Amino acid sequence: MSTSPWWKHAVIYQVYPRSFADTNGDGIGDLPGLIARLDYLKALGIDALWLSPVYRSPMVDAGYDICDYTDIDPLFGHLADLDNLISQAHNRGIKVLMDFVPNHTSDQHPWFIESRASRDSRKRDWYIWRDQPNNWRASIDGGSAWSWDEGSQQYYLHFFLPQQPDLNWHNPEVVQAMHEVLRFWLDRGVDGFRIDVVHCVGKDPTFADDPRCLAGETMVQINDQPYSHEVLRGLRRLVDGYPGDRVLIGEVNIRSTAQVAAYYGACDELHMSFNFPPLDAPWDPVVFRLCIRDVESLLGAQSAWPTWALSNHDNRRIRSRYGGSLRRARAAAVMLLTLRGTPFIFQGDELALEDTVVDAQTRVDPGGRDGSRGPIPWAADPPHGWSGSAPWLPFPPDAAELAVQVQQASAESTLTLYRQLLDCRRKSEALRLGDWQELPSHPQVLAYRRHCAGDERIVCINFDQREHSFPMSGHWRVDVASDTVAANQPFNGTLAAEQALILRPAEG
Ligand code: GLC
Ligand code: CA
């Protein structure tokens, strides 16, 4: 048995709770809904789930604006439901990761209300107040990162919406308060955290104008300060004090793998970091080859364990980004689940859902990110397993055909493909932990070998709309095929258009 920590072997599934499953008929997914569907996740074969925020929140940024870090918003349930989720998930061998949002609170958080009350409030310095703004630009609405507070006659800093004031992590009381938040959840048994925009917590202490903001960039894209690393080392020490390989996965939303690599520190910062260049990449083998080589060389050089994510709640879904093609979405799944590192499946990608179509009336997110947040269709017939009121966003296209109930019953469905891929991964140490080596191939074919002490798999992905030959010496059998056509057959040396295969050595 391998001694690597669980998260290196794991496949992690992102649950966006408001769109997962509803039990009380208000059209918003909730914790009891998630608990009721844990057997679905167990059957899919995931090892851990990351739960997007369920804390108390005015929901201006769908829960990423938190007004109480240690309670559950009534929309999603109660603290007791979260405890129940942890124990029910653990009973099924599924770990639970919470979303930790350290950079900012809601403007309705009692800390900010106290901070803004007056210039000599005890919590004034918990946030970042200045007499003069600089040119820093905020994300989501792209406006100034500073808002004027009429009452106390100063500007406060916010890298996101004005309703999301940034905390001042240079203040030791803030550090202590946020450490207590982590302890609160760790003591309840959570297995780790996905940390929201962790590269943003340290701020340039000189508050100098940034020329890149003049060119339209936002601070979230470029903020990269030594102090963020000090904050992370503190979080890591805390988490390492708990038994059971609790894990810190950071969202380092800087589009540079080299910068992302720095946030692993010397094994004393993040255990894993999201890396966004592959998530931005078009369906192009040249771009993916470069992304993967970057990860292998830059992360590999410091033994930093990679992650792979091809979509999430802030970006378009896999299938929509790759032109709506089901074949591509399925080939991409083979790639996602066979690269070296820990893959993240965004809920609904296992159904090959496309983005929900949102018009001016149905639009909810001020950042225009509703598309990937559509509700999961559980049943074929409307309302697709969502009783009572219509869900908070429209269903993705083709909800009836793509519903879980339909796909569960079909050997050819994308859901079945994901199950096969997870099963294949579970059975192959090479796929989970083995090294990665690129193989020569046609430029439109991305091919690699995964290898680990006597176990070996070859993965080949044809990005082209034409068939290509992929000659291999020796005898190989198809383990999983993205289009299920050739599964379990001897490999004949040909890849169909937009087909991806996992090959294993043929015995005997
Ligand atoms: C992260 C989240 C995003 C949110 C932002 C502010 O990027 O993924 O949804 O709007 O942080 O918290
Ligand atoms: Ca509900």
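The values are calculated or read from the model by the stated rules, or taken from the named source; none is laboratory data. Predicted model only: the values in this text are computed from it and were never measured. So basically every Cβ, Gly included, is an ideal-geometry build from the backbone, and we count neighbours across all protein chains shown.
Residues being over 23 Å from residue 43 (Cα atoms) and at pLDDT 95 or above are entirely absent from region 403-414.
Would you be able to tell me the number of residues in region 1-44 that are assigned to a loop (DSSP other than H, G, I, E, B) and among the basic types (Lys, Arg)? Give the steps one after another, and end with the answer.
Of region 1-44, the ones assigned to a loop (DSSP other than H, G, I, E, B) are 1-5, 10-11, 16, 20-30, 37.
Going one step further and asking which of them are among the basic types (Lys, Arg), we end up with 37.
The number of residues fulfilling the criteria is 1.
In region 183-210, of all residues being in contact (Cβ under 8 Å) with a residue 40 or more places away in the chain and of a type in the set (D, E, K, R), the one that is nearest to residue 156 (Cα to Cα) corresponds to 203. Please verify whether region 132-150 includes one or more residues that are in contact with a Phe, Trp or Tyr (Cβ under 9 Å, 6 or more places away or on another chain), within 30 Å of residue 249 (Cβ to Cβ) and among the acidic types (Asp, Glu). Yes, because at least one residue in region 132-150 is in contact with a Phe, Trp or Tyr (Cβ under 9 Å, 6 or more places away or on another chain), within 30 Å of residue 249 (Cβ to Cβ) and among the acidic types (Asp, Glu).
Yes/no matrix, rows are residues, columns are (1) more than 24 Å from residue 381 (Cβ to Cβ); (2) surrounded by 17 or more Cβ atoms within 10 Å (Cβ to Cβ); (3) not assigned by TED's automatic domain parsing to the domain that holds residue 380:
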residue	(1), (2), (3)
399	no, yes, no
403	no, yes, no
418	no, yes, no
439	yes, no, yes
442	yes, yes, yes
446	yes, yes, yes
453	yes, no, yes
457	yes, yes, yes
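Within region 153-175, being under 16 Å from residue 232 (Cβ atoms) and touching a strand residue (DSSP E or B) at 6+ places or on another chain (Cβ under 7 Å) holds for 167, 174. When residues in region 469-486 are screened for being in contact (Cβ under 8 Å) with a residue 60 or more places away in the chain and part of a loop (DSSP other than H, G, I, E, B), 3 of them pass. The residues of region 216-230 that are under 12 Å from residue 203 (Cβ atoms), assigned to a helix (DSSP H, G or I) and either within 16 Å of ligand 2 (Cβ to nearest atom) or among the polar types (S, T, N, Q) (or both) amount to a single one, 228. Just to verify a result, which residue in region 14-44, among those that are among the hydroxyl-bearing types (Ser, Thr, Tyr) and more than 16 Å from ligand 1 (Cβ to nearest atom), is farthest from residue 64 (Cα to Cα)? Residue satisfying both the conditions and the ranking: 40.
Taking the criterion of being hydrophobic (A, V, I, L, M, F, W, C) and touching a strand residue (DSSP E or B) at 6+ places or on another chain (Cβ under 9 Å), would at least one residue in region 221-231 satisfy it? No, region 221-231 has no match at all. So, in region 73-90, of the ones that are away from ligand 2 (no atom under 16 Å from the Cβ) and touching a residue at least 24 places away in the same chain (Cβ under 8 Å), which residue ends up nearest to residue 110 (Cα to Cα)? Per the criteria, the residue is 83. Of the residues examined, residue 423 is not one that is more than 16 Å from ligand 1 (Cβ to nearest atom), assigned to a loop (DSSP other than H, G, I, E, B) and surrounded by fewer than 17 Cβ atoms within 10 Å (Cβ to Cβ). For region 135-151, the set of residues classified as surrounded by 14 or more Cβ atoms within 10 Å (Cβ to Cβ) and more than 16 Å from ligand 1 (Cβ to nearest atom) consists of 135, 144, 146, 149, listed by residue number.
Filter region 183-196 down to the residues that are under 26 Å from residue 128 (Cβ atoms) and buried (at least 24 other Cβ atoms within 10 Å of the Cβ) and list them by number.
If the condition is that a residue be under 26 Å from residue 128 (Cβ atoms) and buried (at least 24 other Cβ atoms within 10 Å of the Cβ), then 193, 194, 195 are the ones that fit.
Do we find that residue 269 is in a helix (DSSP H, G or I), within 19 Å of residue 4 (Cα to Cα) and not basic (Lys, Arg) in this structure? I'd like the intermediate steps shown before the answer.
Working: in a helix (DSSP H, G or I): no; within 19 Å of residue 4 (Cα to Cα): yes; not basic (Lys, Arg): yes.
Taking the combined requirement at face value, the residue does not satisfy it.
A count restricted to region 7-37 and to residues that are over 22 Å from residue 271 (Cβ atoms), basic (Lys, Arg) and more than 10 Å from ligand 2 (Cβ to nearest atom) stands at 1.
Of the residues 81, 71, which is in contact with a strand residue (DSSP E or B) (Cβ under 7 Å, 6 or more places away or on another chain) and assigned to a strand (DSSP E or B)? Spell out the reasoning first.
Values: 81 fails: assigned to a strand (DSSP E or B).
The match here is 71.
Pairing each residue of region 44-72 that is over 15 Å from residue 103 (Cα atoms) with any residue that is at pLDDT below 95, provided the two are 6+ apart or on different chains, yields no C-beta distance under 6 Å.
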